[in-house]
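Trainee: Have a look at the structure that comes next, please.
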Amino acid sequence: MEIENWKLMQTIHKTVLLNETINALNLTPGLIVVDATLGGGGHSRLVAKKIGKIGKLIAFDQDQDAINRFKAQIKSGGVENAETDVLLVNKNFSTLKDSLILFGISQVDAIIADLGISSDQLADTDRGISFTGNAPLDMRMNMQSQLTAEVVVNEYSQQEIIRILRQYGDEQYAQSIAQKIVNFRSGQRITRTPQLVAIVESAVPGSYKRKKINCATKTFQALRMEVNKELESLRSFLFQAIEVLRPGGRLAIIAFHSGEDVLIKHWFRENARGCICPPQFPQCRCENKPKLKIITRKPIVAGEDELAENPRARSAKLRVVEKM
Ligand SMILES: C[S@@+](CC[C@H](N)C(=O)[O-])C[C@H]1O[C@@H](n2cnc3c(N)ncnc32)[C@H](O)[C@@H]1O
């Protein structure tokens, strides 16, 4: 996409837990910082301001549109200290270590990851991430990847669909939704979002349809997480993040999904443990040393002011660790 009219490329994404995240990272001028999830650039803009002209910001997003929007923000003067060495990387954050090596960087001072999707992606009528509107069942963040939601609903087995709806959506009606999907697709291929919404509506009881959240919310979330292999990427990213952080450097992660938050919490705890010998051992034999120090015992959540302005912040949980 050519960046001709930057005004058409403004973001509608409202950054979540902005000050809480940036303050937790202790940023000072000259630091090297990774924003693993550029999105609308809210966190990156404040990072650039804090690290100043002599700092370096490396921002990843697997969505080319997010990268283009940030380039447009820089061009329009919307990024303070844009002369900061800003490297934009249109790749999955699971390539963190190798991507940094390509830039000749082996260690960084801080890393941010604000997981999931942006409001820009949700509003993109061609992607079918939202259950509102009428769009193809696509749901990819990276438009170069092969797997789409259409493939999942039409080609995965009923058992696989049940697993995805349960594991990524916590969907209590996974079984009946999967059954209806399989029944429907035996007659015609499911290609558009309203078809899937109608299938979900036909599979769940009336009381579920009258709830505050739309009855298709969890199905759409689960399919999106499968299409983008979100938990797999996160696991791989966490391992690499520890490796590339310098001692004393901090990692701040915001999760919106309980599966992601639990994974992050356990991974932080595991890597913050010292001795792992059985309790009956009189002396430590494992010599295991903690790799991380947990900075947030409990996750930081949005305050009332932010929630009033941005309901999306409701499920956000920020956790921070420091490399030992
Ligand atoms: C919640 S938004 C980030 C918003 C951003 N912090 C801001 O303040 O505007 C998440 C972004 O991360 C990107 N993303 C999600 N998973 C990714 C992954 N595995 N690799 C690279 N980018 C990813 C999405 O494409 C999306 O643009």
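Trainee: Just tell me which lysines come within less than 23 Å, Cα to Cα, of LYS298; anything on the same chain fewer than 8 places away is out.
Mentor: LYS265, LYS289, LYS317, LYS323
Trainee: For a quick check, take a GNM of the chain with Cα springs below 10 Å and name the residue from PHE103, PHE281, PHE237 with the largest mean-square fluctuation.
Mentor: For the chain, modelled as a Gaussian network with Cα springs under 10 Å, the answer is PHE281.
Trainee: Mind ordering 297-306, 15-24, 206-215 by average Cβ neighbours within 10 Å, highest first?
Mentor: Details: 297-306: 13.3, 15-24: 19.6, 206-215: 11.1.
My ranking of the peptides, most packed first, is 15-24, 297-306, 206-215.
Trainee: If you stretched the chain out fully between GLN172 and ILE101, how much longer would it get, using 0.36 nm times the residue separation minus the C-alpha to C-alpha distance?
Mentor: My answer for the length gained is 21.2 nm.
Trainee: Let me ask you something else. Compute the Cα gyration tensor for the chain, then decide on rounded, prolate or oblate, letting a ≥ b ≥ c be the square roots of its eigenvalues: rounded whenever a/c is under 1.5, prolate when a/b is larger than b/c in the other cases, and oblate in all that remain.
Mentor: Details: a/c = 1.96, a/b = 1.28, b/c = 1.53.
It is oblate, given that a/c is not under 1.5 and a/b is not larger than b/c.
Trainee: If you don't mind, there's one more thing I want to ask. Given the rule -39500 (n - 2.57) for each run of at least 4 DSSP H residues, summed and divided by the residues of the chain, what is its mean residue ellipticity at 222 nm, to the nearest 500 deg cm²/dmol? All intermediate terms of the calculation are to be shown ahead of the outcome.
Mentor: Working: 14 runs with 134 residues, N = 324.
That calculation yields -12000 deg cm²/dmol at 222 nm.
Trainee: Relative to the Cα centre, what is the charge dipole magnitude of the chain, using +1 at the beta carbon of each Lys and Arg, -1 at the beta carbon of each Asp and Glu, and rounding to the nearest 20 debye?
Mentor: Working: 44 positive and 36 negative charges, 179 e Å.
It works out to roughly 860 debye.
Trainee: If you don't mind, another one. Would you kindly state how much longer the chain becomes between ARG273 and GLN64 on full extension, computed as 0.36 nm times their sequence separation minus their alpha carbon distance, in nm to one decimal? Before the final figure, lay out each step's value.
Mentor: On the way: separation 209, 0.36 × 209 = 75.24 nm, distance 3.85 nm.
Full extension from ARG273 to GLN64 adds 71.4 nm.
Trainee: Find how much the distance from ILE213 to LEU147 grows on full extension, using 0.36 nm per residue of separation minus their present alpha carbon separation; answer in nm with one decimal.
Mentor: Numbers: separation 66, 0.36 × 66 = 23.76 nm, distance 2.70 nm.
Stretched fully, the ILE213-LEU147 segment lengthens by 21.1 nm.
Trainee: Is the shape of the stretch 146-227 rounded, prolate or oblate, going by the alpha carbon gyration tensor and its root eigenvalues a ≥ b ≥ c, with a/c under 1.5 for rounded and a/b larger than b/c for prolate? Spell out each step's value before the answer.
Mentor: Values: a/c = 1.57, a/b = 1.30, b/c = 1.21.
In terms of gyration-tensor shape, prolate.
Trainee: If you don't mind, another one. First select every other residue whose beta carbon is under 12 angstrom from the beta carbon of CYS275; then total the charges, Lys and Arg +1, Asp and Glu -1.
Mentor: On the way: positive: ARG273, ARG285, LYS289; negative: GLU287.
Local net charge: +2.
Laboratory data are not the source of any read-out in this text; all were calculated from the coordinates shown. Just so you know, these numbers come straight off a predicted model, no measurement behind them. Cβ sites come from the backbone with ideal geometry, for glycine too, and all protein chains shown count toward neighbours.
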